[in-house]
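Each remark here refers to the structure printed beneath this line.
The values are calculated or read from the model by the stated rules, or taken from the named source; none is laboratory data. The model shown is predicted, which means the values in this text are computed figures rather than measured ones. Reconstructed Cβ throughout: ideal geometry from the backbone, glycine too, with neighbour counts over all protein chains shown. Note: accessible area is taken over every heavy atom of the protein model, side chains too, but ligands, DNA and RNA are not part of it. Shrake-Rupley method; radii C 1.70, N 1.55, O 1.52, S 1.80 Å.
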Amino acid sequence: MATTDTLKTNTTASAASTVRRVLLDNGALSALVVLVVAMSLLSGDFLTTQNLLNVGVQAAVTAILAFGVTFVIVSAGIDLSVGSVAALSVTVLAWTATSEGVPVWIAVILAVGTGIACGLVNGALVSYGKLPPFIATLAMLSIGRGLSLVISQGSPIAFPESVSVLGDTLGGWLPVPVLVMVVMGLVTALVLGRTYIGRSMYAIGGNEEAARLSGLRVKRQKLVVYALSGLFAAVAGIVLASRLVSAQPQAAQGYELDAIAAVVIGGASLAGGVGKASGTLIGALILAVLRNGLNLMSVSAFWQQVVIGVVIALAVLLDTLRRRAGGGSAAPAASSGVYGNGRKGAAKLAVTAVCVAAVVAAVSFFGSGSSGTTTKVGMSLSTLNNPFFVQMKAGAQAEAEKAGIDLTVTDAQNDASQQANQLQNFTGEGVASVIVNPVDSDAAGPAVRAANKAGIPVVAADRGVNKADTATLVASDNVAGGRLAAKALADKLGGKGEIVVLQGTAGTSASRERGKGFADGLKAYPGIKVAASQPADFDRTKGLDVMTNLLQSHPGITGVFAENDEMALGAVKALGSKAGKSVHVVGFDGTPDGLKAVGAGTLYASVAQQPKELGRIAVRNAVGAARGKTVDSVVKVPVKVVTKKNVADFS
């Protein structure tokens, strides 16, 4: 008995020592464990099976991209193009399968081939063109995104149903994206640890010249490295498009930064020679846990960006300090049977825990928090980088405060995938109702259907949701607003003139609908010619730059239509003294700055949508639907043309 008890004690102690040693030797893993514990304590909804599966799904695309980037970083390179390559690959798949009638299996091969081809171009530019990896892949970032927009004409393309199963679940609970992530992780580990090309990556990253002198064909190996990165980007794009059931030309924008961050957080060195698949997976999970947990804690969308940046910096800094102190490994101490740096390791683990917990606690303090009410409503806005949606948020929050409910507002940053994650988090949290202002009406469908299945009423704001049930649509008519803008500008010009059109972000429903309405309305005025139409991404600075450029080639224009007030104000700045005199500008949204310009006479008119009222009505209907009340299927917020004559009514 005594011998048995001793064996059990020794086994338990050995297991505890192993776990302790693993945590102390892996700063990223320690940070992940601390984050999970912290999130579990701060949110009762975090540590549930469904939410943990949500985290896995939300980490999948970033992790797959990051596995490909791991090959590049281990070999002392960098790949900034993976997000654009992912978007281009799925655009090729969707376009060939739907528009060109190519069999789906061939379309999938073409998509994967597109990713590999982009990677080979990157590798050739780096190896044979002698371009720095940063420059070569930055060029591919622009080329890939541009080709994606050219092929799709700036609009999402429906994804083949036979491929969309990759975004579904097995057995009604196990997400396929998680399985794909695991498989790609195993492939990465196998390539890095068990193949000639994997060993070559470490050799090239450790010392490229020494690798070359040792007989390695470095240039050819780099071609393979970047080709693998392109292949993984294509797979990630297919998984992403499967979740959204559409190929978005703007998909995965900025994901290259998340992928690089995941690799570095996971312990890889940007100097090359260090990195592994498990570390990359941990890095991707840290980012997913942060975003998921902060959503659940109702942390302000603005503070979320701050805390994610701080935690990334802390994780990398602490891991760097650990490497310097321990020489990158604790193996010698471990082999002697005594964990020589135990106290130092424990101190570092404690510092990691304190830092991460402090950041999470501080941000949860500054976040919106919970009001303690029984009615919780989640609101996902397409972006908060636009005054229109900032006003919508203000109106929604004012109505929520008046009704005494707990409203959580998130910012999708014009990323359909990020919005799907946010809606997924709301569903997992079990909110009473959800308000969604879709980045894209088709892409929001699967996440809204999941909320439907969970019995959560969904209110669509400003834009509808396709192929899903919504309790109501609260919106102004963008197409009708575009027609009103065309009539206002044409009447001011007397039915004759040469104009330019500043378009919004390519692929967004708001830009498509406003542009369509304006084009339809302009058909009644054959004397007006559209000299140029150029995108300025709903941004004032880009509106200024694009308008400045267009004035060089079209100095005789007499009118401008901008699909939002921000671009219109940029155009007014570019026009200078011409604005409101020889050139008349019409905007859209009725934002405070836009109305001021209308009052000053530099902006002729703006189609006012009353975003605050839209936000108020959306919350009012969401609360009603949550409490079982009957709400109208469509609530139209009227749009009006605001000129200097009636601007005082819209102050």
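Ignoring ligands, DNA and RNA, what percent of the 1.4 Å accessible area of segment 144-189 is carbon and sulfur?
Working: 1620 of 2230 Å².
Answer for segment 144-189: carbon and sulfur cover 73 percent of the accessible area.
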Using alpha-carbon pairs under 8 Å, 6+ residues apart, how would you state the relative contact order of segment 183-307 in percent? 25
Taking only Cα atoms, what is the 0 to 90° angle, nearest 10, from helix 611-626's long axis to the longest principal axis of the chain? 60
Using a 1.4 angstrom probe with every protein chain in place, what is the largest-first accessible-area order of LYS487, LYS596? LYS596, LYS487
How many angstrom separate the Cα center of segment 395-446 from the Cα center of segment 76-96? 28
Of all accessible surface on segment 449-548 at a 1.4 Å probe, what whole percent is carbon and sulfur? 51
Starting from the Cα gyration tensor of segment 383-520, take the square roots of the eigenvalues, sort them a ≥ b ≥ c, and report rounded, prolate or oblate (rounded when a/c is under 1.5, otherwise prolate if a/b is larger than b/c, else oblate). prolate
What Rg and what Dmax come out for segment 31-170 when only alpha-carbon atoms are used, in angstroms? 18.5, 55
What is the spin-label model distance, in nm, from LYS453 to VAL183 if the labels are put 7 Å beyond Cα along the C-beta direction? 2.0
Where does segment 22-113 land on Rg(C-alpha)/(2.2 N^0.38 Å)? 1.54
Exposed chymotrypsin sites (Phe, Trp or Tyr not before Pro) absent: longest stretch of the chain, with sites in DSSP loops and at most 12 other Cβ within 10 Å deemed exposed: 174-651
Kirkwood Rh over Cα pairs of the chain into Stokes-Einstein at 37 °C, 0.692 mPa s: D in µm²/s? 124
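Can you work out D for segment 211-262 in µm² s⁻¹ from Stokes-Einstein, where Rh is the Kirkwood radius over C-alpha pairs, the temperature is 10 °C and the viscosity is 1.306 mPa s? It would help to have the intermediate numbers written out before the result.
On the way: Rh = 13.2 Å.
My calculation gives 120 µm²/s for D.
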With n ≥ 4 as the cut-off for DSSP H runs, can you work out [θ] at 222 nm for the chain, using -39500 (n - 2.57) per run divided by the number of residues, rounded to the nearest 500? -20000 deg cm²/dmol
Need one value: the accessible area of LEU47 in square angstrom, 1.4 angstrom probe, rounded to the nearest 10. 110
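Treating only the Cβ atoms of Lys and Arg (+1) and Asp and Glu (-1) as charged, compute the dipole magnitude of the chain about its Cα centre; round to the nearest 20 debye.
Details: 52 positive and 38 negative charges, 167 e Å.
Around 800 debye, computed over the chain.
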Length-normalised contact order of the chain, Cα under 8 Å, at least 6 apart, in percent, tallies to 14
The answer for the chain, accessible area per residue at 1.4 Å probe in Å², is 41
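Tell me the relative contact order for segment 170-226 as a rounded percent, counting alpha carbon contacts under 8 Å between residues six or more apart. Display every interim value, and only then the final one.
Working: 22 pairs, mean separation 10.7, N = 57.
Computed value for segment 170-226: 19 percent relative contact order.
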